[in-house]
Amino acid sequence: MIQSDIEDYVKWFSTRMEWQKFDAPWEPVSLCEEEERKTWTEYFNQTKDLDKDRTRYKFEIEWQGKHVGWVSRYNELSYVPYDDKTCAVGIDIADDASRGKGVGTAALKTFIDYIHRQGSHPIYLETWSGNTAMLRVAEKLGFQEIHRQRGARFIDGRAYDAITLCLNLLNKK
């Protein structure tokens, strides 16, 4: 993350929020620019001087010279047991004009390669049945569905399935 990314996050979390229709739209959002600016400035200040060799849990995505989103990993999975070698990945292409161009697939593949080199396996992905773009990316990258919780997510009065997928890199050639 670089300092100019802060204003992108402020915009993405307060005024240009189309991306949130796909990433956990059941979760609350703040919409307060001041609060977002404070939060992202604090985050930037905490992470800007981290040792370059330290394992990263989040990377920014830059495409054609523009900050367009991020990839991240987390260890608390909803529907599967996990240990210190297990993680899930997520991606957000928050810049509207950058979606549907293969940016997310390429960024997530690069991030998965990085995570695998750090020793994580298997790698999971959690999404919902209404996020068809994420499901297409997961399929392209070789994820396989391992769990489906029917009707677990409610968005705009409609029930969707919670889906967990797995990429077991130990079995890939």
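The values are calculated or read from the model by the stated rules, or taken from the named source; none is laboratory data. Note that this is a predicted model, so its numbers are computed, not measured. Here Cβ is always computed from backbone atoms with ideal geometry, including for glycine, and neighbour counts include all displayed protein chains. Protein only, heavy atoms only, side chains kept; ligands, DNA and RNA dropped before computing areas. Shrake-Rupley method; radii C 1.70, N 1.55, O 1.52, S 1.80 Å.
General remarks:
- A helix-only calculation puts the chain at -9000 deg cm²/dmol for mean residue ellipticity at 222 nm, using -39500 (n - 2.57) for each DSSP H run of at least four residues, averaged over all residues.
- Taking amide H positions as modeled 1.01 Å from N, with prolines and chain starts lacking one, the residues under 5 Å from Ala94 and 5 or more places away or on another chain are Gly69, Trp70.
- Counting charges near Met1 (Lys, Arg +1; Asp, Glu -1) among other residues having Cβ under 9 Å from its Cβ returns a value of 0.
- Segment 1-83: chymotrypsin sites (Phe, Trp or Tyr not before Pro) in DSSP coil with no more than 15 other Cβ atoms inside 10 Å: Trp26, Tyr57, Tyr79, Tyr82
- Net charge dipole size for segment 38-173 [Lys, Arg +1 and Asp, Glu -1 on Cβ; Debye, nearest 20]: 340 debye
- Two-site label geometry, Ala133 and Ser4: point separation in nm, points 7 Å out along Cα→Cβ: 2.3 nm
- Å² per residue, accessible surface of segment 1-114 at 1.4 Å: 60 Å²
- Candidate values [x] 8.7; [y] 8.1; [z] 10.6 were compared with mean projected area of the Cα convex hull in nm² computed on the shown model; the agreeing label is [z].
- Karplus-derived 3J(HN,Hα), 6.51/-1.76/1.60, for each residue of segment 125-133, Hz, glycine and proline x: 9, 10, 8, 9, 5, x, 9, 5, 5
- Efficiency of FRET between Arg150 and Tyr57 - r from beta-carbon atoms, R0 22 angstrom, step 0.05: 0.10
- Rounded percent of accessible protein surface that carbon and sulfur make up, segment 65-160, 1.4 Å probe: 46 percent
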